[in-house]
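The numbers here are math on the coordinates, done by the rules we state, and not lab data. Note that the coordinates shown come from a computational prediction; the quantities given were computed from them, not determined experimentally. Note: ideal-geometry Cβ built from the backbone for every residue, glycine included; neighbour counts use all protein chains shown.
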Amino acid sequence: MKMSRMGVKPEKMAPKDAETINHKLLVQAGFVRQLMAGVYTYLPFGLKVLRNIQNVIREEMDAIGGEEILMPMLHPAEIWKKTGGWDSIDILFKLKSRTDRDYALGSSQEEVVTPTMKEFIKSYRDLPRMPYHIQWKFRDELRSKSGIMRGREFLMKDMYSFHLDQADFDRFYEIAKSAYLKIFARLGLDAKVTEASGGDFSEKISYEFEVLTDAGEVNILYCDACEFCANVDDLSQYKEGDACPKCDKSKLMSSVAAEVGNVFDLGQKYSKAFDLKVATSTGEQIFPIMGCYGIGISRTMGVIVEKFHDDKGIIWPKNIAPFTVHLIDIKQPEKAQEIYDTFKSKGIEVLWDDRDINVGGKFSDADLIGCPWRVVVSEKSMANNEIEVKGRQSDEPEMMNLEKFIGNLNSD
């Protein structure tokens, strides 16, 4: 992509009304624009990052047997009334059509996936099943003030699992948990599996995946000697300084964290509501156990910015950055074009700042946008048939042969 052909350019100043780092940097760097509180337009840079995060999630969901589908956002009121959600869930957006019918904008998909899978699940031979989708959600949040971390419209991955019994759900939960931890590790995040209440979805204990950050809204207690972590707001029997109830090797520490994913044991609530029954091997008709597994994709993007930035701008992890290389030429357009074409031919995502502006502005924008590598083509570098390479977090650039640099990228 050439910056001279882009309709959106980085701004010199962050928006004055922005209260969070992710809001400030994503707007200033040209990734998003806010339409209203909690609702954003994702510009080309931002859309590329969202898609890169989606790709990581898809790979790991497919690896554990997930089947990707796409469910609608507009739901008839009747399916929400079957589960009691129409009257009990206060964040549900409701609307009435010109034919005087009631509808909801999807805040979750249990009411859609259950009757859908009822068509295909008839006996124990059809279980387990793990459909998932990636789709926009809508929630009538009273306060949307954390940039893309708390939206009224947001992108989410939902997977739902159907099991013959509790033991099979418990077995699959451990598989899903490992996949989630792998996803967040690939995104550069250290997520803690946190006990919490089931909220509107389940009366049982649920599990959240929390990332420590000052921009978070959840108070947690965790142990640095084992995996124990608990949401203080739901499980007040623990307090800071208590011995870890799991390993008893360390004292619990408190922190603020941001939720990036969750899993709920739904039990038979939804299978009973929609009369989804399956025949066991003995012919008995039972209601399957269901599980729900969510990852907030746009929210995770905001958390990544909160975790990875400095006073110059964003520092994207390599595998989700909008581009691998930010190419800058200093009055060397012909050579830069040749190098740009070489990167593209090798399948390397490259952003070329070919604008007619001062070099300092180009460098500042490169730091703000936050691609992993900055490559400069100048008369000085070309004198030795080299390029100037600098990692986003490196202090000093180094001169390097283009082929060597490409080889290094391919070996990462």
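Of note:
- Here is the list for region 59-104: trypsin sites (Lys or Arg not before Pro) lying in DSSP coil, each with at most 14 other C-beta atoms within 10 angstrom of its C-beta, are R98, R101.
- Estimated from the Cβ-Cβ distance and a Förster radius of 51 angstrom, the FRET efficiency linking S88 and I406 is about 0.35.
- Which label in (i) 19.8, 59; (ii) 24.3, 80; (iii) 20.3, 69 gives the computed Rg and Dmax of the Cα atoms in Å: (ii)
- The chain - percent relative contact order, Cα under 8 Å, separation 6 or more: 16 percent
- Given R0 = 30 Å, the distance between the Cβ atoms of L74 and E141 translates into a calculated FRET efficiency of 0.95.
- Rounded if a/c under 1.5, otherwise prolate or oblate - region 323-411, Cα gyration tensor axes: rounded
- Region 92-149: GluC sites (Glu not before Pro) in DSSP loop, at most 12 other beta carbons within 10 Å: E119
- Across the cross-link table entries K2/K362; K24/K346; K94/K272, which are compared at the Cα atoms, the separations over 22 Å belong to K24/K346; K94/K272.
- Within the chain, the whole DSSP H helices whose Cα atoms reach 20 Å or more along their own axis and whose mean Kyte-Doolittle score is at least -0.5 are 44-63, 166-186.
- On full extension, the segment bounded by E59 and D165 gains 35.5 nm, given 0.36 nm per residue less the C-alpha separation.
- By the Cβ-Cβ criterion of under 4.7 Å, the unpaired cysteines of the chain are C229, C292, C371.
- Of K249/K318; K9/K48; K16/K96; K182/K390, those spanning more than 27 Å from alpha-carbon to alpha-carbon: K249/K318; K16/K96; K182/K390
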